[in-house]
């Protein structure tokens with residue numbers, strides 16, 4: 001799906017991200033590169049690089065998608081990632097072929113590592129449950 005209205009500037013994209021973060025009370029933090037972007041829904045925070053292109057805008061929208069999109073409480077990484085990208089596609093001012101390629105590359109990166117990521121997250125959940133049980137005593 002490619003959407004290209006009249007003319008969307010980088011400043012329009014930046015303002016759109018700022019407005020969404022303000023509207024949904026998401027704290028916006030700066031990171032130095034797109035590969036370091038993150039979302040921490042529990043703390044209402046995202047970290048994104050400065051928006052300089054449609055690609056960094058897509059990354060920002062994806063991170064907001066981790067706060068606003070469906071299925072973000074799934075235990076499965078790929079479910080969360082796919083739905084965050086779906087949210088980004090649906091809510092962006094534009095969606096270009098380059099943005100689509102970037103989203104597919106990100107999903108491929110996760111797909112190649114998902115078993116390890118999901119195992120690590122399961123270990124963390126088990127540790128948190130054990131810690132919570134100990135705190136109840």
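The values are calculated or read from the model by the stated rules, or taken from the named source; none is laboratory data. What you see is a predicted model, and the numbers here were worked out from it, not measured in a lab. With ideal geometry, Cβ positions are generated from the backbone for all residues, glycine too; neighbour counts draw on all protein chains shown.
Does residue 126 count as surrounded by fewer than 16 Cβ atoms within 10 Å (Cβ to Cβ), out of contact with any strand residue (DSSP E or B) (no Cβ under 7 Å at 6 or more places or on another chain), farther than 20 Å from residue 8 by Cα and without any contact (Cβ under 8 Å) to a residue 24 or more places away in the chain?
Here the answer is yes, as residue 126 does meet what is asked.
Can you name every residue in segment 39-69 that is more than 19 Å from residue 13 (Cβ to Cβ), exposed (fewer than 14 other Cβ atoms within 10 Å of the Cβ) and touching a helix residue (DSSP H, G or I) at 6+ places or on another chain (Cβ under 9 Å)? Working first, answer last.
Here is the first cut: in segment 39-69, the ones more than 19 Å from residue 13 (Cβ to Cβ) are 40-45.
Then keep just the ones that are exposed (fewer than 14 other Cβ atoms within 10 Å of the Cβ); that gives 42-44.
Hit for segment 39-69 is 44, nothing else.
Among the residues of segment 35-57, how many are touching a strand residue (DSSP E or B) at 6+ places or on another chain (Cβ under 8 Å) and touching a residue at least 12 places away in the same chain (Cβ under 8 Å)?
Number satisfying all stated conditions: 13.
Being over 13 Å from the mean Cα position of the chain (by Cα), part of a helix (DSSP H, G or I) and either surrounded by 13 or more Cβ atoms within 10 Å (Cβ to Cβ) or at pLDDT below 95 (or both) is the filter here; which residues of segment 3-17 pass it?
Going through segment 3-17, the residues over 13 Å from the mean Cα position of the chain (by Cα) turn out to be 3-16.
Imposing the further condition that a residue be part of a helix (DSSP H, G or I) reduces the set to 10-16.
Correct list: 10, 12, 13, 14, 15, 16.
Would segment 24-40 turn up any residue that is over 13 Å from the mean Cα position of the chain (by Cα) and at positive phi?
Yes: one or more hits.
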